[in-house]
1. May I ask you to verify whether THR70 is within 17 Å of the chain's Cα centre (by Cα) and at pLDDT 95 or above?
2. Within segment 25-49, can you find the residues that are touching a residue at least 60 places away in the same chain (Cβ under 8 Å) and charged (D, E, K, R)?
3. Of all residues in segment 144-165, count the ones that are surrounded by 14 or more Cβ atoms within 10 Å (Cβ to Cβ), within 13 Å of TYR78 (Cβ to Cβ) and either among the small types (Gly, Ala, Ser) or free of Cβ contacts under 8 Å to residues at least 40 places away in the same chain (or both).
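The values are calculated or read from the model by the stated rules, or taken from the named source; none is laboratory data. Not measured: the values here are computed from a predicted model. FYI the Cβ positions are ideal-geometry reconstructions off the backbone, even for glycines, and counts take in every protein chain you see.
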Amino acid sequence: MYKFMLSDADASCKVYVNLISTSVGQYLSRRPQVIALIKELLVARELSGAHMIIEQDMGRNIGTTDVVVTSEHDNIYYAQPVKTEVFSRFAKNRNAQASPMLTVIVEQDNTGDYMVSNAWIGAYFPPFPGDVHETTQSKTFWQNHAMVHNAQAIQLKTVTKECPY
């Protein structure tokens, strides 16, 4: 695994991200400015515990979020993003929205350092239903929210109007 160091200010704890073979690496390759935002967030944050979800208002618009609240007026479809088996919910008639929020999820590794396992511009949202990290809020949240159309590359053969969960 390739470790790109984000923070090593405290010699007892380092923070890194795998930019090569992870979904967060793919996200950061499309939005490299988020790396600087993660570093900014980490400067003022003390990490503890095995798993942390950090949701921070950065005090300014930092980019756009691909997750939007939906209504009965939205053109909704479901599809599996490339290299996944879980269906995501998409809104065809919606666009990304400006956001001051940054969400970063970190996991402590067996050496005591922290790996950024996910990060995105926007508020925290639970994984999609069917994901290995699905929460009790997943179904309820994704009944009222969706990714904007073209937020992710999808497997065209999986597109459906029927909710798979």
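1. no
2. ARG31, the sole residue that qualifies.
3. Final tally of qualifying residues: 1.
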